[in-house]
Amino acid sequence: LTLKRELARILSELGEAPAPISSESELVRFYDAQEKPVRLAMEAGLAALAYDDVQYVDAASLQGWLRSSANHLGKDDGLRLIASFRKGELSPETQKSRDQLVSSGLAVLIELEELPEQEVSKLIDNLGIADLQPLTEQLSRYTGGNPLFIVEAIKHLIESDY
């Protein structure tokens, strides 16, 4: 199978995925396919790869991700990995892997807190959308201070000609 088809297992935009993995050799091929983009990223001089919504990663994909990254973690010239996830939503297996990486010094956990209203106001200023300043308190309250939700709410307001 081609690299693209193997990666379609985890990236649906690449096309139709092959049949589910049913043998050890197919699993190894899937893991090898996941390692190729990591190697290419390093060769291209990229400093980091980002993975979003890790709480949705299945066990096989998690093992592939850890396997493909293992040769690069903790090395001065290695690629940095950024993984974001929703607090309290990781599977037990993913939580265990995260805890092991953190305790071994190969990962750092950074927990983002909600932005207080004053910081929401600064965010609006930094986005250069002064017209939204009167909505700071409402944006802060309705989004719970979550920066992503704030930005998405602002996008919606702009798109709907608030």
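The values are calculated or read from the model by the stated rules, or taken from the named source; none is laboratory data. This is a predicted model, so every value here is computed, not measured. Positions of Cβ are generated from backbone atoms using ideal geometry, with glycine treated the same way; all protein chains shown enter the neighbour counts. Just the protein is used for accessible areas: all its heavy atoms, side chains included, with ligands, DNA and RNA removed. Shrake-Rupley method; radii C 1.70, N 1.55, O 1.52, S 1.80 Å.
Quick rundown of the values:
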{"quantity": "Residue within the range 84-91 that is open to solvent by 60 Å² or more (accessible area, probe 1.4 Å), at positive phi and not basic (Lys, Arg) present", "calculated": "yes"}
{"quantity": "The range 41-50 - residue that is exposed (fewer than 14 other Cβ atoms within 10 Å of the Cβ) and of a type outside the set (Gly, Ala, Ser) and, of those, nearest to ARG80 (Cα to Cα)", "calculated": "LEU46"}
{"quantity": "Criterion (modelled with pLDDT of 85 or more, over 26 Å from ASN146 (Cβ atoms), open to solvent by less than 60 Å² (accessible area, probe 1.4 Å) and among the β-branched types (Val, Ile, Thr)) met by exactly one of VAL38, VAL28, VAL54", "calculated": "VAL28"}
{"quantity": "Selection count where residues are in a helix (DSSP H, G or I), surrounded by 14 or more Cβ atoms within 10 Å (Cβ to Cβ) and among the charged types (D, E, K, R), scope the range 1-25", "calculated": "2"}
{"quantity": "Residue in the range 59-70 that is among the basic types (Lys, Arg), under 23 Å from PRO147 (Cβ atoms) and either open to solvent by 40 Å² or more (accessible area, probe 1.4 Å) or in contact with a strand residue (DSSP E or B) (Cβ under 8 Å, 6 or more places away or on another chain) (or both) present", "calculated": "no"}
{"quantity": "Leading residue by the ranking (nearest to ALA60 (Cα to Cα)) among those in the range 92-120 that are within 18 Å of the chain's Cα centre (by Cα) and surrounded by 14 or more Cβ atoms within 10 Å (Cβ to Cβ)", "calculated": "THR94"}
